[in-house]
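Worksheet: the structure to be examined is printed underneath.
The values are calculated or read from the model by the stated rules, or taken from the named source; none is laboratory data. These figures come from a predicted structure and were not determined experimentally. As a convention, Cβ positions derive from the backbone with ideal geometry for all residues, glycine included, and neighbour counts pool all protein chains shown. Note: accessible area is taken over every heavy atom of the protein model, side chains too, but ligands, DNA and RNA are not part of it. Shrake-Rupley method; radii C 1.70, N 1.55, O 1.52, S 1.80 Å.
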Amino acid sequence: HMCPTTDPSCDTLYKNARAFVLRHARPLDWARWQYHFEGGDRQTVLTALQAYQNADGGFGHALEPDAWNPASTPIQTWAATEILREIGMDDAKHPVMRGILQYLAGGQDFDGHTWANAPSSNNAHPHAPWWHSQSTSTSHHSYNPTACLAGLILRFADKGSPLSALGQRVAREAYDAYMAGPLLQDMHTAACYVRLWQYVSEIGGVDGLDLAALETKLLEQVGHSITHDTALWETGYVCRPSQFFRDRHSVFYPGNEAIADHECTFIARTQLPDGSWPIPWHWDAFPEEWALSKNWWKGQVAVSNLLFLKGMGKLGHG
């Protein structure tokens with residue numbers, strides 16, 4: 001269990017968030033909570049995660065709670081890869097990872113260069129307006145989530161396989177597009193490029209990507225993406241430091257120490273009486289489903305917020 005090192009209110013924050021997660025979160029987020037904060041095991045997280053994986057190896061079923069499409073889609077599959085990374089699951093031979101690679105090799109919702117972020121199959125199921133296939137949302141950037149998925153392929157696909165060659169080509173295209181253009185306006189796409197850089201760094205590099213140049217641009221990108229006008233944090237959908245890093249060892253922490261500290265204070269100050277945090281977005285349609293998705297998001301946000309506090313040294317082991 002965690003207990004406070006500095007601030008006695010931290011213990012209350014933790015207990016209230018934990019109670020909310022137990023009352024309202026999905027089994028997946030309770031498993032993540034236990035893994036990160038209570039010595040829980042990775043297998044419990046994997047078991048919960050596998051409930052969202054389809055026979056084709058991809059993920060669906062509202063793993064990313066803003067789209068209830070049961071079919072496998074690139075964004076839902078990307079969401080699974082983020083959880084695998086978070087729990088340090090880097091076994092390329094594990095059935096969950098093999099399934100993801102099989103799905104990506106299958107070419108579904110792939111146009112030869114990018115994976116679709118809002119395939120038309122979303123439209124037949126409850127979803128947020130930005131996951132409608134005709135939406136013009138800024139999150140519909142060509143390389144969200146493609147940059148991340150290409151990095152994952154390079155990190156985990158069998159060397160010399162057709163999938164590995166595909167990953168290398170797509171990663172190079174993503175890199176070239178980013179390096180030739182201005183800084184991104186969409187924080188989600190920016191985070192996908194951070195992942196690309198991390199995955200490729202973990203394998204020691206790949207032809208056609210200058211990792212040092214990419215890192216330099218991403219350091220600038222993160223500073224650009226974070227919403228420095230903290231007054232906007234109160235009501236808007238903003239980019240906080242936790243979008244890009246969760247601990248002080250991150251290469252993105254230096255230069256962002258003050259705003260990261262502000263996020264810790266903000267998290268502590270904005271917790272609701274029920275232990276959750278406000279969700280700063282909503283759907284226009286499907287009110288019944290949104291009520292459920294909103295609680296699913298709240299469980300996810302509780303885990304994310306506590307992970308950030310932990311990584312910033314605000315929760316101590318007791």
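What ranking, highest mean first, results for peptides 68-78, 144-154, 120-130, 21-31 when packing means the other Cβ atoms within 10 Å averaged over each residue?
On the way: 68-78: 23.7, 144-154: 27.4, 120-130: 17.9, 21-31: 19.6.
So the order, starting with the most tightly packed, is 144-154, 68-78, 21-31, 120-130.
Here PHE286 sits with roughly 70 square angstrom of accessible surface, probe radius 1.4 Å. Spin-label model, SER161 to HIS224: label points 7 Å out along the Cα-to-beta-carbon direction sit 3.5 nm apart.
Taking the Cβ of PRO129 as the centre, find all other residues whose Cβ is under 10 Å away and add up their charges (Lys, Arg: +1; Asp, Glu: -1). Surrounding charge for PRO129 is -2. In the calculated pair-distance distribution of the chain, the portion above 26 angstrom amounts to 47 percent of the Cα-Cα pairs.
In order along the range 246-261, phi translates into HN-Hα couplings of 10, 8, 7, 8, 5, 5, 8, 6, x, x, 10, 4, 5, 6, 5, 5 Hz, rounded to whole numbers, per the Karplus curve 6.51 cos²θ - 1.76 cosθ + 1.60 with θ = phi - 60° and x for Gly and Pro. Bridging of LYS159 to lysines at a Cα separation below 18 Å is possible for LYS93, once same-chain residues fewer than 8 apart are set aside. The heavy atoms of LYS294 offer some 80 square angstrom of accessible surface to a 1.4 angstrom probe. Dipole magnitude for the range 51-133: computed about the Cα centre from +1 point charges on Lys and Arg Cβ and -1 point charges on Asp and Glu Cβ, it is near 160 debye.
Positive-end ranking of ALA124, ALA67, ASN54 along the dipole of the range 46-164, with charges on Cβ about the Cα centre, is headed by ASN54. For the range 109-157 versus the range 162-207, the spacing of their alpha-carbon centroids is 15 Å. Take the Cα of ASP261, step 7 Å toward its Cβ, do the same at THR216, and the gap between the two points is 3.0 nm. Here LYS15 is the anchor, and the lysines within straight C-alpha reach of less than 25 Å, apart from those fewer than 8 places off in the same chain, are LYS294, LYS298, LYS310, LYS314. Taking Cα centre as origin and charging only the Cβ of basic (Lys, Arg, +1) and acidic (Asp, Glu, -1) residues, the dipole magnitude of the chain rounds to 600 debye.
Spin-label model, GLU38 to ASN123: label points 7 Å out along the Cα-to-beta-carbon direction sit 4.4 nm apart.
For the range 1-107, what is the charge dipole size about the Cα centre, in debye to the nearest 20, if Lys and Arg each add +1 at the Cβ and Asp and Glu each add -1 at the Cβ? Walk me through the numbers on the way to the answer.
Values: 9 positive and 12 negative charges, 43 e Å.
The dipole of the range 1-107 has a size of about 200 debye.
In Å, the Kirkwood hydrodynamic radius of the range 234-303 over pairs of distinct alpha carbons? Walk me through the numbers before you get to the answer.
Details: mean 1/r = 0.0725 Å⁻¹.
One decimal place: 13.8 Å for the Kirkwood radius.
Here the Gaussian network model covers the chain, with springs between Cα atoms less than 10 Å apart; of MET89, MET187, MET97, MET89 fluctuates the most.
Taking the chain as a Gaussian network of alpha-carbon nodes connected by springs under 10 Å, the highest mean-square fluctuation of the residues GLY40, GLY255, GLY106 belongs to GLY255.
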